[in-house]
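Engineer: Would you mind keeping the following structure in view while I ask a few things?
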Amino acid sequence: MNVLAKKKVADLLKKGVLVSPDFIERADTSIDPNKDLVVLDNETNKLLSNAKNVNWKEIEKIRVMYEKGKAALPTIDDIAPVVENELKDVQVISSYKTLPEKADVSNFTGYFNTRYKLIERLLRSRPELQNLSSISRMKNREFSNSVSIIGIINEKMETKNKNLMITLEDSTGKQRVLVNKNKPDLYPEAKDLVVDEVIGINGVYKKDILFVNKIVFPDIPAVDIKKSPDEEYLACMSDLHFGSKQFMPDEFNRFLSWVNLETGNQKQKKIAEKLKYILIAGDIVDGIGVYNNQDSELTTLDIKKQYGTCTKLLSEIPKHINIVISPGNHDAVRMAEPQPPLNNQFSQELTKLKNVLLVSNPATIRIGAKEGFSGFNCLLYHGYSFDYYVANVDSIRMNGGYERADLIMNFLLKRRHLAPAHTSTLINPTLDYDALFIDPVPDFFIAGHIHRTSVSNYKATTLVNSSCWQSMTSFQERLGHNPQPARLPLINLKTRDASIINFGK
Ligand SMILES: [Fe+2]
Ligand SMILES: [Fe+2]
């Protein structure tokens with residue numbers, strides 16, 4: 001190693017980063033490690049100078065993984081800058097930025113095991129699951145009048161007699177369980193079950209079949225609704241779709257005038273004065289190549305410009321308002337969930353806004369904490385999995401489908417998972433955690449994606465689906481969607497009362 005390289009290694013070590021000689025020798029010789037540090041270039045894999053805010057910890061992790069053959073060659077996206085904009089009024093409970101691991105079958109097995117164990121732990125203590133047994137232990141008996149098992153649903157089918165036969169699996173084996181069509185409380189609930197979800201069953205075991213008496217879901221507990229000691233407001237947004245020809249500038253400008261206290265009636269102005277948080281759940285821009293022939297529906301094919309326009313308009317929101325942004329399926333991050341925060345080379349404009357915190361999708365943040373009050377847990381999830389449940393769950397499809405965001409969100413909360421059916425979204429399989437497992441129980445579950453507005457409560461959780469700022473696209477028209485744009489759901493954190501302002505014409 002030459003003297004210059006040695007000096008660079010020593011300087012980086014002082015910053016707590018150990019780099020290999022090979023890594024540093026590829027560096028541009030003009031780099032002064034005392035001034036600007038180095039970062040890998042996406043295109044050429046060269047080292048470049050003048051890169052500030054480098055996430056050294058992340059580079060180091062990726063380098064180790066890469067050398068072990070466990071990660072792909074890193075890109076700029078993987079070593080995005082550390083998020084600088086931490087907001088003092090917002091705490092991050094979970095926001096994910098996973099490494100680009102090479103996924104094989106073992107990753108998926110590990111992921112399923114993790115997800116099974118997390119939900120099984122919730123179900124294990126439930127009093128409804130009397131005489132809890134593993135599947136193999138239950139199979140040792142001939143007959144049991146009341147036995148319970150916990151398992152992941154492997155298969156669901158209708159028998160010739162129109163009963164439901166479900167195959168459950170745990171780490172010890174598989175078991176067929178039968179739901180009789182003549183049980184009016186049980187049968188509709190069982191019809192809604194989806195493959196891969198984890199449930200508890202209590203029933204009668206006879207001749208290798210478990211006849212179901214009760215289905216137990218992990219669910220959320222019934223607790224008192226939390227209220228803030230102070231009157232502060234939370235606004236929920238999503239699906240801005242900057243860059244789309246259908247983006248609604250007039251409506252968005254009306255929102256900006258309101259938030260700047262220039263318009264609105266007395267009550268609306270009072271809310272704007274006390275607005276402290278705006279949480280945005282994905283589809284910030286329309287993106288590029290998201291669906292066939294999208295180009296003809298875009299005002300610009302430059303994704304950076306889409307984020308640039310977005311940044312310009314969001315910069316008009318008063319700086320005392322805390323804005324949290326998580327991505328969606330139209331944004332410039334990978335599709336597999338958890339999607340990392342929007343601080344990559346395409347969306348970096350957003351980091352210029354000092355009142356903006358960028359988090360992953362999904363993510364949980366805490367707002368409104370103050371002396372004597374622990375604050376509210378807010379789960380942000382864009383909602384890409386929602387389409388699957390509208391199409392596949394009878395009680396949602398037959399009761400309004402896309403027009404019933406409340407039913408979809410309720411369904412997921414009850415299952416404590418944002419994608420209980422594995423194929424309902426794209427998942428980056430992680431071995432030691434499951435980002436889509438719903439924990440902690442949110443006070444607010446905020447989503448978007450279906451371009452509808454709804455606010456409802458399930459137990460002590462408020463479910464918000466956050467409208468959109470894009471009129472109907474030809475794609476939505478073909479699918480028969482009926483968007484409700486330019487509405488802004490608002491929550492008074494002191495009373496938990498909700499209101500919706502319509503900025504439409
Ligand atoms: Fe959207
Ligand atoms: Fe979406």
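Engineer: For segment 468-502, give me the residue count where each residue is assigned to a loop (DSSP other than H, G, I, E, B) and of a type in the set (D, E, K, R).
Structural biologist: Result for segment 468-502: 3.
Engineer: In segment 421-438, what count of residues is obtained for those that are at pLDDT 95 or above and in contact with a strand residue (DSSP E or B) (Cβ under 8 Å, 6 or more places away or on another chain)?
Structural biologist: Counting residues in segment 421-438 that are at pLDDT 95 or above and in contact with a strand residue (DSSP E or B) (Cβ under 8 Å, 6 or more places away or on another chain) gives 4.
Engineer: Follow-up. Give the residue, chosen from T453, T461, that is more than 16 Å from ligand 2 (Cβ to nearest atom) and polar (S, T, N, Q).
Structural biologist: When all the criteria are applied, what remains is T461.
Engineer: Separate question: Taking segment 439-486 as the search range and keeping residues that are free of Cβ contacts under 8 Å to residues at least 60 places away in the same chain and surrounded by 19 or more Cβ atoms within 10 Å (Cβ to Cβ), which one is farthest from ligand 1 (Cβ to nearest atom)?
Structural biologist: Checking each candidate, the answer is T462.
Engineer: Of G308, G282, G289, which residue is without any contact (Cβ under 8 Å) to a residue 60 or more places away in the chain, small (G, A, S) and within 16 Å of ligand 2 (Cβ to nearest atom)?
Structural biologist: That would be G289, the only listed residue that is without any contact (Cβ under 8 Å) to a residue 60 or more places away in the chain, small (G, A, S) and within 16 Å of ligand 2 (Cβ to nearest atom).
Engineer: Got a number for residues in segment 124-153 being in a strand (DSSP E or B), open to solvent by 60 Å² or more (accessible area, probe 1.4 Å) and either among the polar types (S, T, N, Q) or outside the structural domain of V195 (by TED's automatic domain parsing) (or both)?
Structural biologist: Going through segment 124-153, the residues in a strand (DSSP E or B) turn out to be 132, 143-153.
Applying the additional criterion that residues be open to solvent by 60 Å² or more (accessible area, probe 1.4 Å) yields 143, 145.
Next, only the ones that are either among the polar types (S, T, N, Q) or outside the structural domain of V195 (by TED's automatic domain parsing) (or both) stay: 145.
Adding up the residues that qualify gives 1.
Engineer: Picking from L234, L275, L240, which residue would you name as being aliphatic (A, V, I, L, M) and within 16 Å of ligand 1 (Cβ to nearest atom)? Before you say what the answer is, go through the steps one by one.
Structural biologist: On the way: L234 fails: within 16 Å of ligand 1 (Cβ to nearest atom); L275 fails: within 16 Å of ligand 1 (Cβ to nearest atom).
The match here is L240.
Engineer: Considering only segment 339-395, how many residues are aromatic (F, W, Y), out of contact with any strand residue (DSSP E or B) (no Cβ under 9 Å at 6 or more places or on another chain) and closer than 25 Å to S424 by Cα?
Structural biologist: 2
Engineer: Of the numbered conditions (1) open to solvent by less than 40 Å² (accessible area, probe 1.4 Å); (2) over 30 Å from N154 (Cβ atoms); (3) touching a Phe, Trp or Tyr at 6+ places or on another chain (Cβ under 7 Å), R366 satisfies every one except a single condition; which is it?
Structural biologist: With respect to (1) open to solvent by less than 40 Å² (accessible area, probe 1.4 Å); (2) over 30 Å from N154 (Cβ atoms); (3) touching a Phe, Trp or Tyr at 6+ places or on another chain (Cβ under 7 Å), R366 is out only on (1).
Engineer: Filter segment 339-354 down to the residues that are open to solvent by 50 Å² or more (accessible area, probe 1.4 Å) and outside any helix (DSSP H, G or I), then identify the one that is nearest to ligand 2 (Cβ to nearest atom).
Structural biologist: F346
Engineer: Can you name the residue in segment 382-418 that is within 14 Å of ligand 2 (Cβ to nearest atom) and among the small types (G, A, S) and is also surrounded by the fewest Cβ atoms within 10 Å (Cβ to Cβ) among such residues?
Structural biologist: Looking at residues that are within 14 Å of ligand 2 (Cβ to nearest atom) and among the small types (G, A, S), I get S385.
Engineer: For residues that are within 16 Å of ligand 1 (Cβ to nearest atom) and more than 14 Å from N502 (Cβ to Cβ), scanning just segment 243-272, find the one that is surrounded by the most Cβ atoms within 10 Å (Cβ to Cβ).
Structural biologist: The qualifying residue surrounded by the most Cβ atoms within 10 Å (Cβ to Cβ) is G243.
Engineer: Do you know which residues across segment 373-401 are within 14 Å of ligand 1 (Cβ to nearest atom) and part of a helix (DSSP H, G or I)?
Structural biologist: Once the filter is applied, which keeps residues that are within 14 Å of ligand 1 (Cβ to nearest atom) and part of a helix (DSSP H, G or I), segment 373-401 yields F386, D387.
Engineer: Could you say which residue among L275, L256, L298, L261 is closer than 16 Å to W469 by Cα and at pLDDT 95 or above?
Structural biologist: Going through L275, L256, L298, L261 in turn, just one is closer than 16 Å to W469 by Cα and at pLDDT 95 or above: L256.
Engineer: Out of everything in segment 290-338 that is acidic (D, E) and open to solvent by 50 Å² or more (accessible area, probe 1.4 Å), what residue ends up being farthest from ligand 1 (Cβ to nearest atom)?
Structural biologist: Within segment 290-338, the first condition is being acidic (D, E), and the residues that meet it are 295, 297, 302, 316, 331, 337.
Those left that are additionally open to solvent by 50 Å² or more (accessible area, probe 1.4 Å): 295, 302, 316.
Working: D295: 17, D302: 20, E316: 22 Å.
Here the residue is E316.
Engineer: Here's something else I'd like to know. Can you name the residue in segment 232-242 that is touching a helix residue (DSSP H, G or I) at 6+ places or on another chain (Cβ under 9 Å) and more than 14 Å from ligand 2 (Cβ to nearest atom) and is also least open to solvent (accessible area, probe 1.4 Å) among such residues?
Structural biologist: Per the stated criteria, the residue is A235.
Engineer: I've got another one for you. Answer yes or no: is there a residue in segment 420-433 that is open to solvent by 30 Å² or more (accessible area, probe 1.4 Å), among the hydroxyl-bearing types (S, T, Y) and part of a helix (DSSP H, G or I).
Structural biologist: Yes; the residues of segment 420-433 include at least one that is open to solvent by 30 Å² or more (accessible area, probe 1.4 Å), among the hydroxyl-bearing types (S, T, Y) and part of a helix (DSSP H, G or I).
Engineer: Any residue in segment 184-206 that's assigned by TED's automatic domain parsing to the domain that holds H417: show its pairings with residues that are surrounded by fewer than 19 Cβ atoms within 10 Å (Cβ to Cβ) and assigned to a loop (DSSP other than H, G, I, E, B) at Cβ separation under 7 Å, as long as the two are six or more apart or on different chains.
Structural biologist: none
Engineer: With respect to the numbered conditions (1) within 16 Å of ligand 2 (Cβ to nearest atom); (2) within 23 Å of S454 (Cα to Cα), which one is the sole condition not fulfilled by A272?
Structural biologist: Checking A272 against (1) within 16 Å of ligand 2 (Cβ to nearest atom); (2) within 23 Å of S454 (Cα to Cα), the one that fails is (1).
The values are calculated or read from the model by the stated rules, or taken from the named source; none is laboratory data. Bear in mind that the values here come from a model prediction, so they are computed numbers and not experimental data. Note that we place each Cβ from the backbone using ideal geometry, even for glycine, and neighbour counts take in every protein chain shown. Please note that ligands, DNA and RNA were not included when accessible areas were found on the heavy atoms of the full protein model with its side chains. Shrake-Rupley method; radii C 1.70, N 1.55, O 1.52, S 1.80 Å.
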